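The values are calculated or read from the model by the stated rules, or taken from the named source; none is laboratory data. Given the structure is predicted, the values throughout are model-derived calculations rather than measurements. Reconstructed Cβ throughout: ideal geometry from the backbone, glycine too, with neighbour counts over all protein chains shown. Calculation scope for accessible area: heavy atoms of the full protein, side chains included, ligands and nucleic acids excluded. Shrake-Rupley method; radii C 1.70, N 1.55, O 1.52, S 1.80 Å.
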Amino acid sequence: MKRNIAIISALLLLCSGFTALAQQEYVATPVSISKEKVKDKDTGIVYYSHPVLAKQTLFSIAKAYGVTLEEIYEANPTLHLDTEPLQQYQILRIPEKSNSIQKGNAVEKSGSAEEAVNAPSQSVNETTQVQDGKDEYLTHVVKWYEDLAGIAKKYGISQDVIISYNSLSGSTLTKRQKLRIPQGNTLAREIAKLSGSGSGEESKENEMQADADNVSDNISEKLDEIFGITKKEIDFSLILPFNSAKTPSENNLDFYSGVLLAMRDLEKEGIKTEISVYDCAEGKMPVSAERFAKSDFVIGPVSVQDIGNALNISEESSVIISPLDPKAAELAASRRNIVHVPTPADLQCRDLIAWMKQELGQGDKVILLSEKNVTPTENAALLMKHLSESEVEYSTISYGILEGKDISTVIESQSKENCTTHIVIASESEAFVNDAIRNVNLLAYKGLPLSIYCLSRVRNFETIEVENFHSCKLHISMPYFVNYDSPEVQRFLMQYRALFNTEPGQFAFQGYDITRYFIKKCSEGGRFWLDKLEGSTEKGLQTNFRFTAQENGGYINTAIRRILYGSDFSIRMVN
């Protein structure tokens, strides 16, 4: 079944209406010029009638006919080719070159699909025009991936010139917006105007306009801050090591499937979203600083190294969300633009000991079990550290697995009658934890009141009888837990099964929770959403969110889900 989700998600990755980029080889079918032509009865324009063959791309078709992608889009408005995938046996209308020349459009430089992805600046619709005999300029149609800085760099002029010449209110652009790029004497005139070499009256007028724009921007920012103006359109990016060119990562495709489902639900709530998806497999980072800056936020990458690369490429204003690796918390301690979602192990251990302290009754006993002559794992060491700092009195029993035969007798001798014995197992060794719980379980059958506290990893151990967790009243503090009795979870399950024909895993829940939470926060908070992140507590399907700002860094999620295995065989979240 996992292969089903991989195949379906890969198709979504490559063919969905959301913008998805993946680096992989692709060989297009050669394109032959059609001999069939049709004439539009309303406009009189003559078009080739081109049948799409398997593996043909819009890039190769445009190149063969010598037209631009924009011209093909405009000639086929009902096919929505800018958002919908090309289909085999579709009939495309391709304008004749003569029509393109009459319209004043230069022929677009077009190559393979891979070239188009790696060199997007070639995919532009430009034309030299003369207006009123004095203005000379190129017309540039803005693509979804372009911003003002990149366009200015492409043409070798300043952003201020483009803003001034097009009477723009700011640097924000929209897809398919037409910009006039001044050339020749027109460009020289605009530069002179901005540098103040024009008439005194003109310079003064420019200064007054700039002051007015600054006042307007300040007022706009204050109004946003005071009234909490929301955003209804969110543009974000997803960067994961999909490994799309080889064997795709099922976990990351599951995550992406959850992302898509969250976007689908939010669209029903009136929040429009646009996603750009990138494959960072093998340490590649196919994202520019301009693309980072355009995104309201970026989910991913995963590893500490990849997130570090993303932070180095992006500017500090670009928000990077660390979705999966707990170790990436170290980056949030020093980088202000990172938001770390997985609750660090240190906080999980601290919460587990705090939970135990809350449950201590009069006369209760606390015992620490650890493996003798074995260096504890990092998490086990953290658990012992927080217990020692808790000011709780406890005794320690350290033994080897071969010595475990009589350990239940030792534990019983240290327990008190009619009082609960709280046992902390500081180990991530499956063999040792299995033996320790076996010994504790023997005492539970004798009727000794018991509770055990373990690291979250024990839930993945396969050799331990789950019934023993219940009889010993297992306590775990962990960042992830799905309550399958929840109506929200059941609704998610039904939708996921219907869309992907399989069961969602932990990564699918995580993709859904993270995407929904941050899109909502960004929409509700407007341009100041990151400043409003701290303080609120929210629950997702699998993850709780409560972010704390670091003194000289970003934000770390400190929310924990406390899981209790009841003697009635229930597994429930108690916070």
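Cα-based values for region 312-406, radius of gyration first and Dmax second, are 18.7, 61 Å. Protection proxy ranking, highest mean first, for peptides 251-259, 307-315, 149-157: 251-259, 307-315, 149-157, where packing is the per-residue count of other beta-carbon atoms within 10 Å, averaged. Listed cross-link partners LYS327/LYS416; LYS365/LYS385; LYS372/LYS473 are compared with a 29 Å cut-off, the Cα-Cα value being larger for LYS327/LYS416. All C-alpha pair distances within region 424-575, sorted into 5 Å bins from zero, spread as 1, 8, 15, 16, 15, 14, 12, 9, 6, 3, 1, 0, 0 percent across the bins.
Centroid-to-centroid, using Cα positions, region 41-56 and region 324-400 are 67 Å apart. Compute the FRET efficiency between ALA54 and ALA293 as 1/(1 + (r/R0)^6), taking r as their Cβ-Cβ distance and R0 = 30 Å, and round to the nearest 0.05. After rounding to 0.05, the efficiency reads 0.20.
Sorting MET573, MET478 by accessible area puts them as MET573, MET478; the probe is 1.4 Å, largest comes first, and only protein heavy atoms count. In this label model, GLU467 and THR172 are separated by 6.3 nm, measuring between points 7 Å along each Cα→Cβ vector.
Here the contact order of region 243-335, divided by its residue count and restricted to Cα pairs under 8 Å and six or more residues apart, works out to 22 percent.
Run the accessible area of region 448-513 with a 1.4 Å probe and give the carbon-and-sulfur part as a rounded percent. Taking all protein chains in place, region 448-513 shows 49 percent carbon and sulfur surface.
Working from label points 7 Å from Cα in the Cα-to-Cβ sense, the SER398 to ASN312 distance is 4.1 nm.
Using the Cβ of THR273 as centre and a radius below 9 Å, the other residues enclosed give a net charge of -3, where K and R count +1 and D and E count -1. The magnitude of the dipole of region 453-521, with charges of +1 and -1 set on the Cβ of Lys/Arg and Asp/Glu and taken from the Cα centre, is near 400 debye. Once the Cβ-Cβ distance of GLU330 and MET573 is raised to the sixth power relative to R0 = 45 Å, the FRET efficiency obtained is 0.95. Between ASP40 and ASP160, full extension at 0.36 nm per residue minus the direct alpha carbon distance yields a gain of 39.0 nm. Measuring with a 1.4 angstrom probe and ignoring ligands and nucleic acids, LYS294 comes out at about 70 Å² accessible.
When each of the peptides 241-249, 527-535 is scored by how many other beta carbons lie within 10 Å of its residues on average, the order from highest to lowest is 241-249, 527-535. In terms of distances greater than 20 angstrom between alpha carbons, the cross-link table entries LYS143/LYS521; LYS178/LYS232; LYS143/LYS294 yield LYS143/LYS521; LYS178/LYS232. The relative contact order of region 510-575, computed from alpha carbon pairs under 8 Å that lie at least 6 residues apart in sequence, is 19 percent. Sorting 401-413, 437-449 by their mean Cβ neighbour count within 10 Å, with the most densely packed peptide first, gives 437-449, 401-413. Computed extension gain for SER32 through LYS153, at 0.36 nm per residue and net of the alpha carbon distance, reaches 39.9 nm.
A Förster radius of 51 Å, combined with the Cβ-Cβ distance separating GLN90 from ARG527, puts the computed FRET efficiency at roughly 0.80.
The length gained by stretching the chain between ASN501 and ASP406 to full extension, at 0.36 nm per residue less their Cα-Cα distance, is 29.1 nm.
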